[in-house]
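Report on the following structure.
What follows is calculated from the coordinates using simple rules that are stated; it is not laboratory data. Please read these numbers as outputs of a predicted model, since none were measured by experiment. With ideal geometry, Cβ positions are generated from the backbone for all residues, glycine too; neighbour counts draw on all protein chains shown.
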Amino acid sequence: MMRFFSKICFIGMCLFPFAIQAQRIINLYPGNIPNAKKTELKDIPQNPSEGLVRRVVTPTLQMYLPENANASGTAIVICPGGGYAILAYNLEGTIVAKILNSWGVTAVVLKYRLPSDDIMKDKSVGPLEDAQSAIKYVRENATQLNINPQKIGIMGFSAGGHLAATASTHFDKDYISNPNHISLRPDFSILAYPVISMSETLTHMGSHDNLLGKNPSQEVVKKFSNELQVTKNTPITFLVLAGDDDTVNPENSIKYYEALLKNSVPAEMHIYQNGGHGFGTHLLEKKDNWMDVLRIWMEHNNLL
C-alpha cells in the first residue's frame, strides 16, 4: 500500500501543472449534509505537491465543462480511490477529467466524504450518499450543463471503483432526499482496478475496515459486496485492471464481470499482464494509455 501511495505522489508531482487547470468547484449540498454529525472537524486542504485529500467534511463537485462546439452530451462523475482513507484527487480525478473533457465529455470530480464515525452517523453509506447526490445534481441540471440526461455515467478507481459499483447496483434505494424522484441510476460505469467485494476472502481489507468497520454483520458485508448485487438493470460497464495487482485481488473485477454476463448486461474487461495497482490513466510499465481503449468503447456505445 505504501508503494501505491508513493506512486500517487510521484505521478501527481510530475503532472501537477496539467492538473491545476481546474474549473469551478461547487458544494454538493447547499444546505444540511445528510447523515452528518455535528463536529468541529474541518476539511484538510489538498496538498498540491502530492495531489491527495486526507479528510472531507464538506463534499464538493469540481466541474470540467467542454466547449459547446465539442460537447458530446455525455457526463461522467469521477470517484477517486485511496482505500476509503484518502482520495488520489489528481491522479484519479483532475487528470482523468481533463482527458475526458478533451473528448467533449462533461467531467465532474466528486470529492466525497471518507467514511468516519467522527463525522457520520452511518459511515457505511456516507460515500454512497455523495455519489447519489452527484448523479442527482448532474441529471437535474442536464439542460444547464448541455448534456443528455440519459448519458450520465460514473467512473471509479480502486475504492472509488467500489463506490462507483455500489452506485451502479444500489440505485433502486434513495439514500438521499429525492422528492422529485430523479433517477439515481448511472447510465454506464467505468471501473479501474476496483474493489468490488467486501467478502474477507476477496476484498481489500483496508477499504473493508474503513467503510464497514472491523466486525460488520454478514448482512452488511453481503449488501456491499457488489458482485452479489448485480441485476439485469445494472448499467453497461467497462473494467480495466492488471493481472499482477497485489493490492486489490483481480478476482474482484472478474467476479463482477461474470455477474454482469450472467445478467446479460453488456460489459467489456481489459486485463493487462503487468501494471500493478494505482496506475491511473497510464500504465507506465507498458507505455500504454488504456484510456484510448475506453474511448473506443464509449464510441461503440454511442457515448461520444
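Sorted by mean Cβ packing within 10 Å, highest first, what order do the peptides 37-44, 165-172, 67-74 take? Show your work: numbers first, answer last.
Values: 37-44: 10.2, 165-172: 24.2, 67-74: 14.4.
By packing density, highest mean first, the sequence is 165-172, 67-74, 37-44.
To check you understand DSSP bridge types, tell me what percent of the beta bridges within the chain (both residues inside) are antiparallel, rounded to 5. Before the final figure, lay out the partial values.
Values: 14 of 39 bridges.
Roughly 35 percent of the beta bridges in the chain run antiparallel, per DSSP.
The alpha carbon gyration tensor of region 170-304 gives principal lengths a ≥ b ≥ c with a/c of 1.5 or higher and a/b no greater than b/c, which makes the shape oblate. Here the Karplus relation 6.51 cos²θ - 1.76 cosθ + 1.60, evaluated at θ = phi - 60°, turns the backbone of region 96-105 into coupling constants of 4, 4, 5, 5, 4, 4, 5, 8, x, 8 Hz, with x for every Gly and Pro.
Annotation: extensible slack from ASN302 through MET205 equals 31.2 nm (criterion: 0.36 nm per residue apart, minus Cα-Cα distance).
For each of LEU241, LEU228, LEU52, count neighbouring Cβ atoms within 10 Å of the residue's Cβ, then give the residues from fewest to most.
Lowest to highest Cβ neighbour count: LEU228, LEU52, LEU241.
Can you tell me the FRET efficiency between LYS222 and ASP246 if r is taken as the Cβ-Cβ distance and R0 is 41 Å, rounded to the nearest 0.05? The calculated FRET efficiency here is 0.95. Given (i) 19.1, 56; (ii) 18.9, 67; (iii) 17.5, 52 as candidate values of Rg and Dmax of the Cα atoms in Å, which corresponds to the one derived from the coordinates? Derived directly from the coordinates: (iii).
The HN-Hα couplings worked out from phi for region 67-73 by the Karplus form 6.51 cos²θ - 1.76 cosθ + 1.60 (θ = phi - 60°) are 4, 3, 5, 9, 5, 8, x Hz, whole numbers, x standing for Gly and Pro.
Taking amide H positions as modeled 1.01 Å from N, with prolines and chain starts lacking one, the residues under 5 Å from VAL57 and 5 or more places away or on another chain are ASP43, ILE44.
For ASP245, nonlocal amide neighbours, meaning residues 5 or more places apart or on other chains whose placed amide H falls under 5 Å from its own, are GLY276.
Structure shown: which of LYS214/LYS262; LYS111/LYS287; LYS121/LYS255; LYS42/LYS136; LYS151/LYS214; LYS111/LYS262 lie over 27 Å apart, alpha-carbon to alpha-carbon? Each step should come with its number before you reach the end.
On the way: LYS214/LYS262 31 Å; LYS111/LYS287 29 Å; LYS121/LYS255 31 Å; LYS42/LYS136 25 Å; LYS151/LYS214 37 Å; LYS111/LYS262 33 Å.
Checking Cα-Cα distances, LYS214/LYS262; LYS111/LYS287; LYS121/LYS255; LYS151/LYS214; LYS111/LYS262 exceed 27 Å.
For region 183-280, which trypsin sites (Lys or Arg not before Pro) are in a loop by DSSP, counting at most 10 other Cβ atoms within 10 Å? Please report the intermediate quantities before stating the final value.
Numbers: sites: LYS214, LYS222, LYS223, LYS232, LYS255, LYS262; in loops: LYS214, LYS232.
Here the trypsin sites (Lys or Arg not before Pro) that fit, given the DSSP loop and packing criteria, are LYS214, LYS232.
Under the shape rule built on the C-alpha gyration tensor, where the axes satisfy a ≥ b ≥ c, region 224-304 is oblate, since a/c reaches at least 1.5 while a/b does not exceed b/c.
What FRET efficiency would be calculated for the residue pair ASN215, ILE44, taking the C-beta separation as r and a Förster radius of 25 Å, to the nearest 0.05? Walk me through the numbers on the way to the answer.
On the way: r = 28 Å, r/R0 = 1.11.
The calculated FRET efficiency here is 0.35.
Helix-only arithmetic for the chain: the sum of -39500 (n - 2.57) across DSSP H runs with n ≥ 4, divided by the residue total, places the mean residue ellipticity at 222 nm at -9000 deg cm²/dmol. Would you please state which residues of region 158-198 a label at GLU258 would reach in this model, taking the label point 7 Å out along Cα→Cβ and a backbone N cut-off of under 20 Å? Those under the cut-off are 162, 165-166, 169, 191-198.
Compute the semi-axes of the equivalent ellipsoid of region 137-198, taking the square root of 5 times each eigenvalue of the Cα gyration tensor, and list them largest first in whole Å.
Values: eigenvalues 100, 44, 12 Å².
Semi-axes (√(5λ), whole Å): 22, 15, 8.
Distance between the 7 Å Cα→Cβ label points at ILE26 and HIS270: 3.2 nm.
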